[in-house]
Structure formats: C-alpha cells, structure tokens
Amino acid sequence: MATEGMKSMLFVYTGNICRSPATEAVFRKLVADQNISDRQRIESAAISTYEIGNSPDYPGCCETQMSVCST
C-alpha cells in the first residue's frame, strides 16, 4: 500500500511478461518526466501463472517499449 500522499498504479495483464511491464515502463517514464516519481508507486502483475518461467518478453515487445521510453 502507498503511504499517505502517494498514489498507486497497478497494471495487470494475463502473464506479466510483455504488456504490463511495458505499460509500467511507459508510465514510469511519463511520471519521471513530470518529476513526481517520489509520489507514485507503480507496479505490474499477472492474473495467471501460465507464463511462470518464461522470458519476460515476446518478440517485439522490448523494442516497442524501448522506442516509446527513449522519446
């Protein structure tokens, strides 16, 4: 739970190996650009155990994430 004055954002998708971590990274970048990182708790999670043990991305996911976060 976030402390008083903080806001929490949780991004949840099926396996937490591509979309939710990518969304988390993009949101972290937006928050950092606004200089409010110290007031935000940002995380990602899965609703399924199906992807446990799999690599944390599918082809193209990291490339998309990096291109968005580097702008």
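Given the protein chains as shown and a 1.4 Å probe, how many square angstrom of Thr49 are accessible, to the nearest 10?
For Thr49, the solvent-accessible surface is approximately 110 Å².
Would you rank Glu43, Glu24 by solvent-accessible area, highest first, keeping every protein chain in place and using a 1.4 Å probe?
Glu43, Glu24
Can you tell me the order of 26-37, 10-21 when each peptide is scored by its average per-residue count of other Cβ atoms within 10 angstrom, highest first?
Ranked from most to least packed, the peptides come out as 10-21, 26-37.
The values are calculated or read from the model by the stated rules, or taken from the named source; none is laboratory data. Just so we're clear, the structure is a prediction, and the values are computed from it rather than from any experiment. Positions of Cβ are generated from backbone atoms using ideal geometry, with glycine treated the same way; all protein chains shown enter the neighbour counts. Keep in mind that these areas ignore ligands, DNA and RNA; they rest on the heavy atoms of the full protein, side chains included. Shrake-Rupley method; radii C 1.70, N 1.55, O 1.52, S 1.80 Å.
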